[in-house]
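Trainee: Here you go, one structure.
The values are calculated or read from the model by the stated rules, or taken from the named source; none is laboratory data. Bear in mind the structure is a predicted one, so any value in this text is a computation, not a measurement. For neighbour counting, all protein chains shown are included, and Cβ atoms are generated from backbone atoms with ideal geometry for every residue, glycine included. Note: areas computed on protein heavy atoms with side chains; ligands, DNA, RNA excluded. Shrake-Rupley method; radii C 1.70, N 1.55, O 1.52, S 1.80 Å.
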Amino acid sequence: MNISNTPNTSSTITGFILLGFPCSREGQILLFVLFSVVYLLTLMGNGSIICAVRWDQRLHTPMYILLANFSFLEIWYVTSTVPNMLANFLSDTKVISFSGCFLQFYFFFSLGSTECFFLAIMAFDRYLAICRPLHYPTIMTRRLCTNLVVSCWVFGFLWFLIPIIIISQMSFCGSRIIDHFLCDPGPLLTLTCKKAPVVEIIFSTLSPLPLVIPFLFIMGSYALVLRAVLKVPSASGKRKAFSTCGSHLAVVSLFYGSVLVMYGSPTSEHEAGTQKIVTLFYSVVTPFLNPVIYSLRNKDMKNALQKFLEM
């Protein structure tokens, strides 16, 4: 691997070292076992939701179709980081190639953007179900649901295409150490041979938009939902309306709570350890908890999962 020690030489970095979670060899093995179990449970949990929706005819509604697609997304989202992290726990060099680093960067942030879009259309679905119940079947048709799902995937993967192409064309010199368990743009940009203010401005402008715009849409949808629920005269009707949104609100709170802590303030304000923990929460812990949240808080989903597991 050709690495320069100073940014003024023509040699550039062709690979990076992901420090991950530095600790003793025994600690690395323990972390490997822990995250292997979490990863497998995440795959099983989200996979069970997909299978339950697929095989239970009663769940062939827009709400559960969106949930199944969301679970499919979560499987790929956690897969974009955890397998490489597991390999690093057992590796002595912890090296990731230049192309591998940028592929991980692209897929991780593209899938994260897609998740934000999915959370927004799921909020839109709940808004229609509660605020427009009589028009819901004619508005949220199978065709519209399919178009929304496809749009989420397309926009999610197109959004970071230009930034990743620009950053991947830059030269990286000096230290090739990234004090993280994934290829994050903050540490990457600090390794560039020459500072590129224009690139940083483009990236800092484009990156928050898939996060902020869906978040504002979600808040607006639930503000209208709250207003509609408060007009319901009976307490049982209010509880039923809130239970319909409870699972989705819990997932939104977990995901956006951790992401906003991470990206709501300048990266320089966070210690490297804090960055890793917060990133770990929304990239690994949240996909692990989502099936639990949806299965425990949703009676139909709980029954469908029980039937599927008994097959």
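Trainee: How many residues does segment 147-170 contain that are open to solvent by 60 Å² or more (accessible area, probe 1.4 Å) and either under 13 Å from Leu206 (Cβ atoms) or modelled with pLDDT under 85 (or both)?
Mentor: Going through segment 147-170 one residue at a time, the tally reaches 7.
Trainee: Oh, and also: Report yes if Arg58 is surrounded by fewer than 18 Cβ atoms within 10 Å (Cβ to Cβ), closer than 27 Å to Asn303 by Cβ and not hydrophobic (A, V, I, L, M, F, W, C), otherwise no.
Mentor: yes
Trainee: Can you find, within segment 67-116, the residue that is most open to solvent (accessible area, probe 1.4 Å) among those that are more than 21 Å from the chain's Cα centre (by Cα) and within 18 Å of Pro163 (Cβ to Cβ)?
Mentor: Taking the candidates together, the pick is Ser99.
Trainee: Let me ask something additional. Just to verify a result, which residue in segment 171-199, among those that are assigned to a helix (DSSP H, G or I) and farther than 20 Å from Thr279 by Cβ, is most open to solvent (accessible area, probe 1.4 Å)?
Mentor: Here the residue is Val198.
Trainee: A follow-up question, please. Considering (1) basic (Lys, Arg); (2) touching a residue at least 60 places away in the same chain (Cβ under 8 Å); (3) farther than 26 Å from Phe72 by Cβ, say which one Lys195 fails and leave the rest.
Mentor: Result: Lys195 passes all but (2).
Trainee: Name the pairs whose Cβ atoms lie under 9 Å apart, with the first residue in segment 94-106 and under 14 Å from Phe181 (Cα atoms), the second of a type in the set (Asp, Glu), and 6 or more positions between them or separate chains?
Mentor: Filtered contacts from segment 94-106: Phe105/Asp184.
Trainee: If you don't mind, another one. Kindly indicate whether any position in segment 95-109 is out of contact with any Lys or Arg (no Cβ under 6 Å at 6 or more places or on another chain), polar (S, T, N, Q) and not in a helix (DSSP H, G or I). Talk me through it step by step, then tell me what you get.
Mentor: At the first step, the residues of segment 95-109 found to be out of contact with any Lys or Arg (no Cβ under 6 Å at 6 or more places or on another chain) are 95-109.
So of that shortlist, the ones also polar (S, T, N, Q) come out as 97, 99, 104.
Applying the additional criterion that residues be not in a helix (DSSP H, G or I) yields 97.
Among the residues of segment 95-109, at least one is out of contact with any Lys or Arg (no Cβ under 6 Å at 6 or more places or on another chain), polar (S, T, N, Q) and not in a helix (DSSP H, G or I), which makes the answer yes.
Trainee: To continue, here is another question. Mind counting the residues in segment 18-42 that are open to solvent by 50 Å² or more (accessible area, probe 1.4 Å) and part of a helix (DSSP H, G or I)?
Mentor: 10
Trainee: Hey, another quick one. What do you reckon, is Leu209 exposed (fewer than 13 other Cβ atoms within 10 Å of the Cβ) and in contact (Cβ under 8 Å) with a residue 12 or more places away in the chain?
Mentor: Taking the combined requirement at face value, the residue satisfies it.
Trainee: Taking the condition of being of a type in the set (S, T, N, Q) and either assigned to a helix (DSSP H, G or I) or within 25 Å of the chain's Cα centre (by Cα) (or both), how many residues in segment 125-145 meet it?
Mentor: The number of residues fulfilling the criteria is 1.
Trainee: Looking at segment 217-311, what helices (runs of 4 or more DSSP H) fall wholly within it and have at least 1 residues that are open to solvent by 30 Å² or more (accessible area, probe 1.4 Å) and either of a type in the set (Gly, Ala, Ser) or modelled with pLDDT of 90 or more (or both)?
Mentor: Values: elements: 235-263, 272-280, 286-297, 299-310.
Answer list for segment 217-311: 235-263, 272-280, 286-297.
Trainee: Going by the conditions given, is Phe124 open to solvent by 50 Å² or more (accessible area, probe 1.4 Å), under 24 Å from Leu216 (Cα atoms) and touching a residue at least 40 places away in the same chain (Cβ under 8 Å)?
Mentor: Taking the combined requirement at face value, the residue satisfies it.
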